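For reference, the structure is listed below as structure tokens.
Throughout, read-outs are computed from the coordinates displayed, never taken from laboratory work. Everything numeric in this text was worked out from a predicted model, so none of it was measured. Here Cβ is always computed from backbone atoms with ideal geometry, including for glycine, and neighbour counts include all displayed protein chains.
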Amino acid sequence: MSSWCLLEPTMQRNQIMKAQPVINTQPIVSDEIRKTTCYMCACRCGINVHLKDGEIRYIEGNRDHPVNQGVLCAKGSAGIMQHNSPARLRAPLRRVGPRGSGQFEEISWDEALSTAAEWLADVREKDPKKLAFFTGRDQSQALTGWWAQQYGTPNFAAHGGFCSVNMAAAGIYTLGGAFWEFGSPDWELTKLFMMFGVAEDHDSNPIKMGIGQLKSRGVRVISVNPVQTGYSAVADDWVSITPGTDGLLIQSLIYELLRTNRIDLDYLIRYTNAPWRVIHAPGTESHGLFARDDHGDAMVLCQSTQSLISHKTPGVTPNITEKTVDAEGRELVSVFSLMVDAWLDQDYAPEATEARTGVSADRVRALAAELARVAFEEEIELPIEWTDWKGETHQTMKGRPVSMHAMRGISAHSNGFQTCRALHILQLLLGSVDVPGGFRFKPPYPKSVDMHPKPAGKADSIRPGQPLTGAPLGYPRSPEDLLIDDDGQPVRIDKAFSWDAPLSAHGLMHMVISNAHAGDPYPIDVLFMYMANMAWNSSMNSAGVIDMLTDVDPATGEYKIPKLIYSDAYSSEMVAYADLVLPDTTYLERHDCISLLDRPICEPDAVADAIRWPVVELKRNVRGFQSVLLDLGARLGLPGMVDDSGAPKYQDYADYIVNHQRKPGVGPLAGFRGPDGQAIGRGDSHSDQLDRYIENGGFWIHKLPKEARYYKAHNQQYQDFAVDMGFYDSPAPYVYQIYSEELQKFRLAAEGFGQIQPPEHLRERVRTSFTPLPEWYAPFEGSMVSESDYPIYALTQRPMAMYHSWGSQNPWLRQIHGHNPLFVSSEIAKQHQLSDGDWVWVASHHGRIKVQVVVMHALNPNTVWTWNAIGKRKGAWQLNPDAPEATKGFLLNHLIHELLPEKGDGLRWANSDPITGQAAWYDLKVSITKADQSDPGIYPDFPVIESPGELVKPASTVTYGIQFQPTKGDRS
Ligand code: SF4
């Protein structure tokens with residue numbers, strides 16, 4: 001990176017602090033320590049909050065906590081200033097000026113909740129789907145999803161659709177689990193760690209601790225990433241890949257492993273569907289489906305008898321290479337044969353891929369050789385006896401000590417789902433999934449896709465005043481599971497689970513506002529959002545979204561999205577566009593549960609969950625959103641939220657956490673259950689459960705039996721443990737799905753088979769993208785714009801010191817990132833004669849921005865990037881309009897459209913993965929031109945919005961240790 005300094009003296013740069021410091025000489029001592037869970041990012045580390053006279057003095061890591069073991073990052077320690085933020089909302093608000101003006105009046109909670117309940121009740125009685133309820137990166141989706149279900153709207157999702165649903169869904173459909181919350185590298189035993197597309201600080205403390213552990217053992221770390229920052233900067237090998245080509249590199253690695261015969265055949269036969277037989281009957285409705293017996297079990301060809309038998313047969317040794325025929329005379333081939341045919345294709349030879357990926361053929365061969373060397377020459381064998389799902393006892397647990405981790409960099413592309421699937425298949429070929437030294441699942445994962453619900457919300461099941469029959473989100477298995485009406489039109493406002501995005505397991509939050517504005521597939525009445533900054537950094541085409549939120553229907557004089565309820569703790573850009581604001585607490589003032597029903601904090605060797613609780617007194621007129629949601633549910637009389645007399649069933653979220661049971665004996669928290677608080681997993685509610693958690697440091701943890709710690713999907717001891725814990729009700733072992741029959745069923749529909757088929761304009765897209773073995777295809781945007789017009793790849797990643805926009809108002813963290821430059825490669829800088837600080841125009845097919853550059857050498861030659869969510873709208877977040885976030889910071893989002901360019905047939909597709917609907921943020925292609933340096937300044941420059949943060953009335957200062965005397969006009 002260049003020596004151009006991003007940090008300027010705080011007093012000059014951070015213009016909200018125009019004051020002389022007065023040093024507080026009082027020693028900082030605490031008189032009480034309260035243990036809770038951090039929420040400065042999504043990692044959920046344990047923290048000890050030191051208090052003095054009830055005020056926070058200091059935050060440190062909890063050394064006993066399973067997630068961070070005492071480690072605390074910059075964000076975590078800056079939680080003090082999050083709590084003291086000037087941008088905190090302080091009371092419910094009703095809009096009194098036009099949307100976007102930021103003009104509100106404070107109202108009482110009773111008035112706010114009555115208004116919200118009135119709006120919501122009206123919609124529920126007429127047509128519940130006219131409520132769109134979407135949340136951001138909250139950690140209570142088990143509650144919010146259940147609330148949507150009980151309300152009766154299918155229009156629910158959280159942030160996953162614009163984050164990493166490709167990673168999550170590819171993991172579930174292939175392995176039954178994915179990275180991060182679902183699994184992690186075996187940090188203790190791995191001997192080679194390889195990352196793909198991991199942001200500079202993803203899964204922050206856990207990965208930092210893990211990499212630290214690897215470094216101390218001398219383990220090699222490889223990072224595949226166009227940008228060499230963060231983890232990539234400390235990797236032993238940095239592979240500078242062209243954005244969007246990770247899938248091609250992975251398939252080239254697979255080619256090399258197959259070509260050199262360096263794969264774990266025994267693992268593939270035992271634990272994957274490689275030996276399963278696939279019907280090869282092109283042009284028929286059964287082509288590409290598994291050959292199944294009378295019980296529906298997929299069949300294999302027995303090597304000794306040459307007969308077709310269930311793959312579940314104990315002791316069977318399958319033939320994986322020869323073709324055979326079934327009783328109907330249909331040719332059957334093994335998945336393994338299909339794999340070899342597909343990936344030994346010369347198109348995947350390293351020489352054939354190097355031009356596109358930017359990774360030389362020699363390097364691909366070297367990477368493949370190193371993966372194979374460690375996997376097969378440094379095998380681990382633990383002396384632990386275990387029994388597999390077929391009853392065979394193994395004296396040891398064998399492991400291929402290669403572990404991998406991947407995230408949004410490979411996921412947020414229109415080819416991301418198949419890229420993520422390819423990565424999992426690479427892991428399987430090496431035999432390194434859930435084995436000693438490999439990638440390991442964290443309970444309650446793995447769970448096969450068959451154990452996950454299908455999405456509820458079929459057109460005929462949405463009825464006025466009635467709940468849905470199941471959860472709105474799920475995992476479709478075939479076209480029959482889609483949420484489309486009799487005409488094939490989407491049921492959901494975001495078009496999730498329609499032919500636009502059949503496997504959109506997390507919804508398409510980035511399409512909600514534009515679809516609602518267009519009335520496509522229908523208009524909505526109420527948009528209800530929580531923690532989702534859709535009027536700024538969480539939306540593609542942010543300026544367009546702002547217009548949509550303020551656009552008025554000339555026929556009615558009403559906004560096209562008529563009612564907008566928003567809940568947030570801070571005065572983000574989105575607050576200004578709400579009609580009704582339900583102010584949330586900070587994470588230190590509330591109850592929360594980090595639940596096994598949601599995204600828990602388990603470790604591969606242990607089941608764990610945690611709570612947050614009010615460690616400081618709440619002194620503003622705000623309420624935890626989850627309690628508000630339950631209150632609204634009770635006011636609406638939603639099933640499960642009221643008792644037989646119609647009275648509220650839960651006093652607040654804390655009451656719900658303790659007493660709600662999703663099924664008998666299974667509630668939000670797994671620890672300290674039963675009449676005496678001794679039961680774990682399953683058990684009656686225990687009235688003192690939260691106190692027990694607090695006494696225990698804010699979390700609960702239970703170790704897995706030694707023999708259940710690996711091979712969980714196939715391990716009888718783990719399966720029994722999972723049933724005891726309540727993860728599922730009977731053992732459910734399975735094998736990993738290299739070949740996806742689910743995808744093939746959608747492809748067959750596109751080829752004209754079955755009752756439910758895609759519309760003509762999507763038929764070819766479904767046929768080519770739903771390949772049952774992953775096939776790489778070029779990202780859509782790059783294929784649709786002129787390479788000569790937009791030759792450069794443009795990316796974002798969140799900064800290490802902030803979690804997206806959460807740190808925007810934090811005075812400490814703002815001193816690390818007050819604004820963001822556009823990092824340009826030295827090659828681009830040379831071509832355009834750019835130096836640090838120069839202004840450039842950056843243009844895409846959608847728009848253009850003017851920003852300052854910093855030249856960076858450790859960057860893919862044809863790539864530019866910046867941090868997301870540093871740039872702020874003037875006036876938002878209680879920042880002064882001339883704060884650097886607004887005058888120098890910028891959003892790349894202005895260049896990204898939620899729709900792809902016109903195809904020439906009048907149709908525009910969503911800028912999303914065609915399988916899951918994941919927002920394709922990283923497909924962006926741009927051009928750069930040097931701007932007139934005599935006319936500096938950010939473009940676009942938005943008008944100031946008034947921030948209804950805490951300090952508008954009354955004014956005060958932000959103080960901690962060093963106190964600032966405010967000068968006139970200061971707002972913090
Ligand atoms: S990694 Fe995230 S959860 Fe952990 S201390 Fe840092 S901000 Fe908090």
| field | Degrees, to the nearest 10: 109-126 long Cα axis against longest axis of the chain | value | 40
| task | Express in nm, to one decimal, how much length is gained between Glu370 and Ser786 on full extension, taking 0.36 nm for each residue of separation and deducting their alpha carbon distance. | result | 146.0 nm
| query | Using the beta-carbon distance between Asp520 and Arg463 and R0 = 30 Å, what value does 1/(1 + (r/R0)^6) give for FRET efficiency, to the nearest 0.05? | reply | 0.85
| Order of Arg34, Arg88, Arg400 - criterion: other Cβ atoms within 10 Å of each residue's Cβ, fewest first | Arg34, Arg88, Arg400
| Which value, to two decimals, describes the C-alpha radius of gyration of segment 48-202 once divided by 2.2 N^0.38 Å? | 1.43
| task | Report, in whole Å, the centroid distance computed from the Cα atoms of segment 35-84 and segment 147-202. | result | 24
| When Lys and Arg each count +1 and Asp and Glu each count -1, what net charge do the other residues less than 11 Å away from Thr393, Cβ to Cβ, add up to? | -3
| said: Can you compute the helix-only [θ] at 222 nm over the chain? Use -39500 (n - 2.57) per DSSP H run of at least 4 residues, normalise by all residues, nearest 500 deg cm²/dmol. | reply: -7000 deg cm²/dmol
| task | Using per-residue counts of other Cβ atoms within 10 Å, averaged over each peptide, order 237-247, 431-441, 417-427 from highest down. | result | 417-427, 431-441, 237-247
| request: Kindly give the semi-axes, whole Å and largest first, of the ellipsoid equivalent to the chain, taking each as the square root of 5 times a Cα gyration tensor eigenvalue. | output: 42, 33, 30
| What are the extents of the Cα atoms of segment 262-333 along their three principal axes, listed from largest to smallest and rounded to whole Å? | 34, 27, 19
| query | Angle between the Cα long axis of helix 141-151 and the longest principal axis of the chain, 0 to 90 degrees, nearest 10? | reply | 90
| said: Looking only at the chain, where both bridge partners belong to it, what percent of the DSSP beta bridges are antiparallel (to the nearest 5)? | reply: 65
| said: I need the calculated FRET efficiency for the pair Glu827 and Thr396, taking r as the beta carbon distance and R₀ as 45 Å, to the nearest 0.05. | reply: 0.30
| In degrees from 0 to 90, rounded to the nearest 10, what is the angle of the helix 716-725 Cα long axis to the longest principal axis of the chain? | 30
| query | Are there GluC sites (Glu not before Pro) in segment 869-926 that DSSP marks as loop and that have at most 16 other Cβ atoms within 10 Å, and which are they? | reply | Glu902
| Cα centroid separation - segment 218-294 against segment 759-784, whole Å | 19
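Determine the sum of side-chain charges near Ile56: Lys and Arg each +1, Asp and Glu each -1, restricted to other residues whose C-beta is under 13 angstrom from that of Ile56.
Result for the local shell: -3.
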| request: Mind giving me the FRET efficiency for Asp294 and Asp643? R0 is 41 Å, r the Cβ-Cβ distance, nearest 0.05 is fine. | output: 0.30
| field | For Met511, net neighbour charge (Lys/Arg +1, Asp/Glu -1) across residues whose Cβ lies under 14 Å away | value | -2
| Kirkwood hydrodynamic radius over Cα pairs of segment 789-923, then Stokes diffusion coefficient at 25 °C and 0.890 mPa s, in µm²/s | 152
| task | Describe numerically, in nm with one decimal, the distance between label points set 7 Å from Cα along Cα→Cβ at Asp486 and at Gln346. | result | 5.4
